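Chemist: A single structure is presented below for examination.
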Amino acid sequence: MLALDHLVIATKDPLKSAEQFAKKYQVKIVQGGKHDIWGTHNVLAYFSNNCYIEWLGIFDEKVAKHSNNPLIQQLVHQLKNNGEGLFQYGLRTKEMDIFIDHFSANNIPYVGPLKGELKRPDGTNLMWRMLFPESSLFITPFLIEWGQPNLYGADPAVVNDQKLTVFINEKENLQLFHHIYQSDEREEKISLQNGHLRLTKDHLLHVTVKD
């Protein structure tokens, strides 16, 4: 089963945006690091249901604009056309190769898997793979598979007690979502290992923080 991995917020100043969120919701944030190959940097907030928020910004526009990573392309488009805000989210899997076979067998276009690597401020390295299915969904979450057993390497001391819930707009084609992500459900919520994706009429994509 898939899990909610993280939410991605586009911002011109990741630290400033994260600090504002932290003050509003009384949560802890940590410096992420730089993705030199994409020209981006981030700040993170980890939550008790094993997921996190990423405030993602650009420190090298030239590198970012020429990136072949769909997430970075979306980030550049978001900041240029829509401004700052929550614009994407990732679903975690331990079976990315199975999804690649599924996409290929069902003629679902995709990009990847793309390898990522990051040196954290404490000197440790993180590795992961990302897979981007393409569809007519306005927001199609990407898949991520971490290369280390402790996932994204969060120090337990910085994990917040609160949990996250993601809401997506009900205009999304739920059947197509099930087809892409191999879910058999037909309800107005999609079960994940660490929560649910819930459908709502009022918001395109937003998050709630709960104790």
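Chemist: When the range 9-35 is examined, which residues are found to be part of a strand (DSSP E or B) and surrounded by 21 or more Cβ atoms within 10 Å (Cβ to Cβ)?
Modeler: Scanning the range 9-35 gives ILE9, ALA10, GLY32, HIS35.
Chemist: Answer yes or no: is there a residue in the range 37-48 that is of a type in the set (A, V, I, L, M, F, W, C), in a loop (DSSP other than H, G, I, E, B) and modelled with pLDDT under 95.
Modeler: Initially, the range 37-48 is screened for residues of a type in the set (A, V, I, L, M, F, W, C), giving 37-38, 43-45, 47.
Filter once more, keeping what is in a loop (DSSP other than H, G, I, E, B): 37-38.
Remaining after also requiring modelled with pLDDT under 95: 37-38.
Looking for residues that are of a type in the set (A, V, I, L, M, F, W, C), in a loop (DSSP other than H, G, I, E, B) and modelled with pLDDT under 95, one finds at least one in the range 37-48, hence yes.
Chemist: Among what's in the range 125-147 and is modelled with pLDDT of 90 or more and under 11 Å from VAL111 (Cα atoms), pick the residue that is surrounded by the fewest Cβ atoms within 10 Å (Cβ to Cβ).
Modeler: The extreme case among them is MET130.
Chemist: If I ask for residues that are surrounded by fewer than 16 Cβ atoms within 10 Å (Cβ to Cβ) and among the small types (Gly, Ala, Ser), which ones from the range 95-121 would you list?
Modeler: Listed by number, the residues that qualify are SER104, ALA105.
Chemist: Does at least one position in the range 51-70 carry a residue that is in contact (Cβ under 8 Å) with a residue 40 or more places away in the chain, hydroxyl-bearing (Ser, Thr, Tyr), under 20 Å from LYS115 (Cα atoms) and part of a strand (DSSP E or B)?
Modeler: Yes: one or more hits.
Chemist: Just checking, does the range 4-19 include any residue being under 13 Å from the mean Cα position of the chain (by Cα), free of Cβ contacts under 8 Å to residues at least 60 places away in the same chain and within 22 Å of ARG129 (Cβ to Cβ)? Steps first, please.
Modeler: As a first pass, look at the range 4-19 and keep what is under 13 Å from the mean Cα position of the chain (by Cα): 4-10.
Filter once more, so that each one left must be free of Cβ contacts under 8 Å to residues at least 60 places away in the same chain: none.
No, the range 4-19 contains no residue that is under 13 Å from the mean Cα position of the chain (by Cα), free of Cβ contacts under 8 Å to residues at least 60 places away in the same chain and within 22 Å of ARG129 (Cβ to Cβ).
Chemist: Of the conditions (1) surrounded by 14 or more Cβ atoms within 10 Å (Cβ to Cβ); (2) in contact (Cβ under 8 Å) with a residue 40 or more places away in the chain, TRP38 clears all except one; give me its number.
Modeler: (2)
Chemist: Give all pairs with beta carbons closer than 9 Å in which a residue from the range 153-179 that is closer than 19 Å to HIS6 by Cβ and charged (D, E, K, R) meets a residue that is modelled with pLDDT of 70 or more and outside any strand (DSSP E or B); count only pairs at least 6 apart in sequence or on separate chains.
Modeler: ASP161/VAL27; ASP161/SER48; LYS163/SER48; LYS163/ASN49; LYS163/ASN194
Chemist: For the subset of the range 82-94 comprising residues that are at pLDDT 90 or above and loosely packed, with under 14 Cβ neighbours inside 10 Å, which member is nearest to PHE21 (Cα to Cα)?
Modeler: Per the criteria, the residue is GLY83.
The values are calculated or read from the model by the stated rules, or taken from the named source; none is laboratory data. Everything numeric in this text was worked out from a predicted model, so none of it was measured. We place every Cβ from the backbone using ideal geometry, glycine too, and count neighbours over all the protein chains shown.
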